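K.L.:
Here's a structure for you.
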Amino acid sequence: MPPLEETLLQALLEERRLSEERAVVPGLMQHDLANVLTQVSLASEFLAHAPGGVEREAAARDVLGGVKRMMELLEGMKLLYHTRIGVVDYARGDLAEFIARLAGEPGVWPKGAPITLALPATMWCSFSPTLLRHALVNLIGNAVAYSLGTWVRVRLSAVRGERWQIAIANGGPGIPTGHLPYLFSMGRQTGSSVKSDRPGLGLYIARTCVRTHGSVLRVRTRPKLTVFSFVVQGAQRGVPLPVPPGYVSG
């Protein structure tokens, strides 16, 4: 096939894949929001009959946490819609401080292991706070939820030159081997015998945010260790940075 026709064919196939993903997203969102609403409803019912003290406070935290999670999912979907025409909030900032403040934000994380940070004192670069917030909220939240009370670590480390890696690790049981081939896909793979047929809306949002930020979300897993990671391009003060894919000048 001539190069031009091959390029056009690949473009059409990619557009069809993206169209199929967009068609599945509303169903994923409905499923995940239904799960969170169930959590909020159960906690609200318990709150109404709790005698008080520690149990009542725990139920109230569950309600607030569920509402916070619903807002994060809705904001994430809104972000995916708007990034179709580009992201406009890239700015220079201290990424290490940004991650530390996010990790310490109350009401964001589900119940689970505490979050340990391994960050440099500072790391200045140009990044989109919106994209990275939604990527990290979902990746760190996923790590906490699946840590099974073991440990969760968020590390920001130099890779090469001005490239820095963000890695979110947890000590949970690991991802089943059968899940890996379709972990970042939106539907069941042909011939798959695994009952679970989707990665979850949060992981889809995280992957899309990382991709829009110009990187690739990678995963490695084994028993008692799962790591999601991606790279951010840093720069010294006064040194121009490359314009990330999807950037539209404001």
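The values are calculated or read from the model by the stated rules, or taken from the named source; none is laboratory data. The shown structure was predicted, so the numbers you read here are calculated from the model rather than taken from an experiment. So basically every Cβ, Gly included, is an ideal-geometry build from the backbone, and we count neighbours across all protein chains shown.
K.L.:
Among the numbered criteria (1) at pLDDT 65 or above; (2) buried (at least 20 other Cβ atoms within 10 Å of the Cβ); (3) within 20 Å of R207 (Cα to Cα), which single criterion is violated by A113?
P.N.:
If we test A113 against (1) at pLDDT 65 or above; (2) buried (at least 20 other Cβ atoms within 10 Å of the Cβ); (3) within 20 Å of R207 (Cα to Cα), just (3) comes out false.
K.L.:
Sticking with this one: Among the listed residues E97, E162, which satisfies the condition of being modelled with pLDDT of 95 or more and over 16 Å from V227 (Cβ atoms)? Walk me through it before giving the result.
P.N.:
Details: E162 fails: modelled with pLDDT of 95 or more.
Among E97, E162, only E97 is modelled with pLDDT of 95 or more and over 16 Å from V227 (Cβ atoms).
K.L.:
Restricting attention to the stretch 203-250, and to residues there that are small (G, A, S), under 20 Å from R160 (Cβ atoms) and within 22 Å of the chain's Cα centre (by Cα), which single residue is modelled with the highest pLDDT?
P.N.:
Narrowing the stretch 203-250 to residues small (G, A, S): 206, 214-215, 229, 234-235, 238, 246, 249-250.
In the following step, the residues that additionally are under 20 Å from R160 (Cβ atoms) were identified as 214-215, 229, 234-235.
Retained after the next criterion (residues that are within 22 Å of the chain's Cα centre (by Cα)): 214-215, 229, 234.
Working: G214: 85, S215: 91, S229: 97, G234: 59.
Among them, the one singled out is S229.
K.L.:
Still on this model: Filter the stretch 141-151 for residues that are assigned to a helix (DSSP H, G or I) and without any contact (Cβ under 8 Å) to a residue 60 or more places away in the chain; which is surrounded by the fewest Cβ atoms within 10 Å (Cβ to Cβ)? Write out each step before concluding.
P.N.:
Just the residues of the stretch 141-151 that are assigned to a helix (DSSP H, G or I), to begin with: 141-145.
Among the residues that remain, those that are also without any contact (Cβ under 8 Å) to a residue 60 or more places away in the chain are: 144-145.
Details: V144: 21, A145: 17.
Looking at the filtered set, the residue picked out is A145.
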